[in-house]
Each structure stands twice: as structure tokens, then as C-alpha cells.
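Here is the structure we will look at.
The values are calculated or read from the model by the stated rules, or taken from the named source; none is laboratory data. This is a predicted model, so every value here is computed, not measured. Note that we place each Cβ from the backbone using ideal geometry, even for glycine, and neighbour counts take in every protein chain shown. Remember, those area values only see protein heavy atoms, side chains included, never the ligands or the DNA or RNA. Shrake-Rupley method; radii C 1.70, N 1.55, O 1.52, S 1.80 Å.
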Amino acid sequence: MTRIGIAGIAIESSTFSPHRTTVDDFRVTRGSDLLARYSFLDPSVEWVPLLHAVSLPGGAVTEQTYAALSEEIYARLRSCGPLDGLFFDIHGAMSVVGRVDVEADLIEGIRAVIGPDVLVSASMDLHGNVSHRLARALDLITCYRKAPHTDAWDTRERAVRNLVDRLRDGGKPLKAWVQVPVLLPGEKTSTRIEPARGVYALVDEVEALPGVLDAAIWVGYAWADEPRCQAAIVVTGDDLSVITAQASRLAQAYWDARRDFAFVAPTGSLAECVTQALASSARPFFISDSGDNPTAGGAGDTSWSLRELLGMPSVLAQYTIYAQIVDPAATAAAVRAGIGQQVTVSVGGHIDSGPCGPVPVTAVVEAIDANDPVAGVAVVLGVRGLKVIVTERRKPYHLESDFLDLGLSPRTADLVIVKIGYLEPELYDMAADWLLALTPGGVDQDLLRLGHVGIQRPMFPFDADMPPPSFTPVSTW
């Protein structure tokens, strides 16, 4: 029976965030729990669960954490017996303190154990980075084709299906890899709108061609300062001339569209967005507090926006929900006080104090959820009409149930201000209208003010008038 191992470490890490990701931030699965993660595994294959670790995006991973997780993968590989294949389930934008291409480090460490002949197939987020080292060490590689990522599990299934098929018939495919010197935030490359919608539509066209197995476009990860951070293309298949030509075609299409990529929603400062929202009759009106988005790598405790909102009487006079800010001490103080009691706490700014330090808040404790599976403990602090969600641990608020569990009703709110970039599907469908606020933080949408120094230059938009590159894919390994 064909034997295929499963392993991976998945996180998106902002090197501009002072947050550090440790083992405690990862959900680690092994054994039957790891197999249960995937509903599509072919029963005719012997699947060998090794280790998979996944974390909410955050700051760079500590070296000790990476060493513990990677060494366990290597140890399990050494003891599991011969493998025919490996499913490498990663995000692709992990950063580790002191390293610059850690997914390549990880797969090269795996290769040192399993050797060059085991077929390895990787599934990635389109906001991952694909260096030449990473592409060379893999046999099959694919990524999401939609942002928001409604096809994440479809992509994993495709990566596994291609792996099983090639193990049974075809062996290692050829690969054509090329990078595109463009680095854009995901909020400018949503496939809901053009030009990303049209560029990604080309992927299906290319994949359908004779001689092509898979095609993928990576936007790259904008909030890490590493040489690999840029867009990339990989086309795999059995016809070298076709995959090389199509990789060049996709790269050129992405480059040609670079100036047309725009934010997925109208943007402005937080004050401008609040003013426009209050003047609108659309309810609920959503505003993305984008600079500290925890699902892009923000620390989650940047307090600048909270300070600004507390200073806006018009916001305090409306039913406004603010989700969320992480502060274990403030959360514990609210729990000690109890529902209905008034507390005075300093909120946020303890991890990422760059934009703003802790903000003093005097509020009424309106709700407590002591058993949130992600946040740990979550509380609602009410300052007149402003309802501030404060959590023990970082948590994204993407689902209506996240609010309802705290007695909050986003559908009847006037304003819902969420630490997020583009709205995830449930919020998008709920919003009568929405704006993207360009706020400060570790995932600031204004890339030019972040201070990249480690990326390869020239690169758009940092070098807006750079000469056009020549897209010559690397097609042999």
C-alpha cells in the first residue's frame, strides 16, 4: 500500500509586529487527530500522521518554538518507516527570529531525513512566499485561488489528489518557477474585484492546457521584511515548453496589472471613515481597523484606534461595537468586578506600544464569556454606546456567533469596527456598507511607511518607476 506522511507548520508572521509567537500559540495535532483534520483522504492509501501545527497569525516565531516543532517532525520521520510521499500542509509566510526563509529550511530538513525520491506535495496560502529554495525542494506545489480564502480546503484536497495521482501514474512532474517583483497587501489583491479576479481566472485556463498539471500565483506576504517576500508563479506538468511559457504568461499578466490593484473597499483615516459612516443611513456600517488585523499578523493589542474612538462623542452616542483588543490583565479585572460593575483599567498597548501605549478606560462590565475556545476569556466593556470587546488571548471576530456569544447584536448596531482587512464572508454579507480604515500597527496597509529594508529591490510599489523585468522561468531542478 502507498504510504504518505502528513506534516506542516502553518502561520503568517509579521516581522513588523513586536509580538512573538511561542509553542502555546500553536494548535498541535498528531495521530488520529491529525488524520481527522482531512475529510478527503483516499482510504486506499496508508496515511502516516506526523505533526501539524497551526497558529493564528502573529509576530515572528521564536527559534526555540520552531526548533521544538521541526525537530519533532524530523524525529517522527526517522521512526515512521519508508514513505512514498509527503503532504506538506503549510501557510508559507512563517517568519522565525534569526531566519529569512524558514519554510525552505523546514522542507530541506525533511528532505535530509526522507531523501530526494519521496514525492512531496505542498498546499499553501496565496499570501505565502515561494523562494527558489522552497520550489526546488518540493515536487508539487499549489495555493489558494481566492481571497477571501473560501477555497482553502479545496486547495488542500487538490494538493493531496495530485500527489496520490502522481504516485500511481506519472512520477515527479516538471516545474517552472518565476518571481514577480511586486509586493502588495491582500486588501489590494482580493479576487472579489478586478484585476485580481481576471488574473486568477487565467490560472484555470493554464491548468486546463495539455501538458499542465497545476498552476499557481502567490501574491506574497507584505508584512515580513525578507528577500523571498514578493509575488511568485509556479506551473507544474510534463511539457517543459508549455509550463515555461505559461509561467511567463502568468508572471507578465500579474506585472501588467500591478498599477491597477486597488483596495477592496473605499479607504480613509479612522476619523474620515467614522464621519462617513455616521453620515450614512446604511446600518450596520462596518469599518475595518486594518493596521492591527490579527489574521494578518497584528499583535491584537494596538490601542491607537480605541483611544481615538473614546475621544469621539458621536461614536459614544451610537450603538458601536469594537472588536477587539487583547489584554489579559484588563480582562481579569473585569471578571473580578463582575457584570454590571464599573471598572477602571488600562487597555492595550502592552505588546505593541508603537502607535499608542495603554489607554485608560472607565467602563461598565456588560458581558463575560469565561470559556471562549479561542479568546480564553472575553468581556464587553461598555462606555455609553461603545461596546469594547477585550480578550485574554488574541481572537479574530469573523462570525456573527462571535458577537452573539457576548450578547452583542451586530445586525442592529450602528457601527461595527473590527480588527480585520477585507471583510470575511459572514461580515461582508451582514454589512449594509463598509470602509477600510488605514490605521497604524504591525500590518499597516501603507507599506511605504513600514520601513522595509530586507526585500529585494527594485520592487513595486517601493520603486514605482522601476524598469520592466524579464520573466524567464527557472524550469529545471
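A few comments on the model shown:
- Residue satisfying all of: in segment 340-351; open to solvent by 70 Å² or more (accessible area, probe 1.4 Å) and in a strand (DSSP E or B); nearest to S305 (Cα to Cα) among these: T344
- Any hit, segment 319-339, residues being open to solvent by 30 Å² or more (accessible area, probe 1.4 Å) and within 18 Å of P355 (Cα to Cα): no
- Residues of segment 38-59 classified as without any contact (Cβ under 8 Å) to a residue 60 or more places away in the chain and under 24 Å from G186 (Cβ atoms), total: 4
For (1) surrounded by 15 or more Cβ atoms within 10 Å (Cβ to Cβ); (2) closer than 30 Å to R133 by Cβ; (3) under 18 Å from the mean Cα position of the chain (by Cα), each residue gets a yes or a no:
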residue	(1), (2), (3)
L386	yes, no, no
I389	yes, no, no
R394	yes, no, yes
L415	yes, no, no
W434	yes, no, no
Q445	yes, yes, yes
V453	no, yes, no
F460	yes, yes, no
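- Test: A378 is surrounded by fewer than 17 Cβ atoms within 10 Å (Cβ to Cβ), aliphatic (A, V, I, L, M), modelled with pLDDT of 95 or more and part of a strand (DSSP E or B): no
- Top-ranked residue in segment 152-178 [being in contact (Cβ under 8 Å) with a residue 60 or more places away in the chain and touching a helix residue (DSSP H, G or I) at 6+ places or on another chain (Cβ under 9 Å); ranked as most open to solvent (accessible area, probe 1.4 Å)]: L174
- The listed residue being in contact with a strand residue (DSSP E or B) (Cβ under 7 Å, 6 or more places away or on another chain), basic (K, R) and either at pLDDT below 95 or open to solvent by 30 Å² or more (accessible area, probe 1.4 Å) (or both), out of R249, R258, R283: R258
- Scan of segment 192-224 for residues that are within 24 Å of R449 (Cα to Cα), touching a Leu at 6+ places or on another chain (Cβ under 8 Å) and not in a strand (DSSP E or B), ordered by number: V219, G220, A222, W223
- Only one of S131, S121 that is buried (at least 24 other Cβ atoms within 10 Å of the Cβ) and at pLDDT 95 or above: S121
- Every residue from segment 352-375 that is touching a Lys or Arg at 6+ places or on another chain (Cβ under 7 Å), within 24 Å of L278 (Cβ to Cβ) and either free of Cβ contacts under 8 Å to residues at least 12 places away in the same chain or not in a strand (DSSP E or B) (or both): C356
- Boolean, T267 is open to solvent by 10 Å² or more (accessible area, probe 1.4 Å), modelled with pLDDT of 95 or more, β-branched (V, I, T) and under 25 Å from S190 (Cβ atoms): yes
- Filter result for L306 (more than 23 Å from the chain's Cα centre (by Cα), within 28 Å of A224 (Cα to Cα) and in contact (Cβ under 8 Å) with a residue 60 or more places away in the chain): yes
- Subset of segment 231-262 that is in a helix (DSSP H, G or I) and β-branched (V, I, T) - its residue that is nearest to P469 (Cα to Cα): T244
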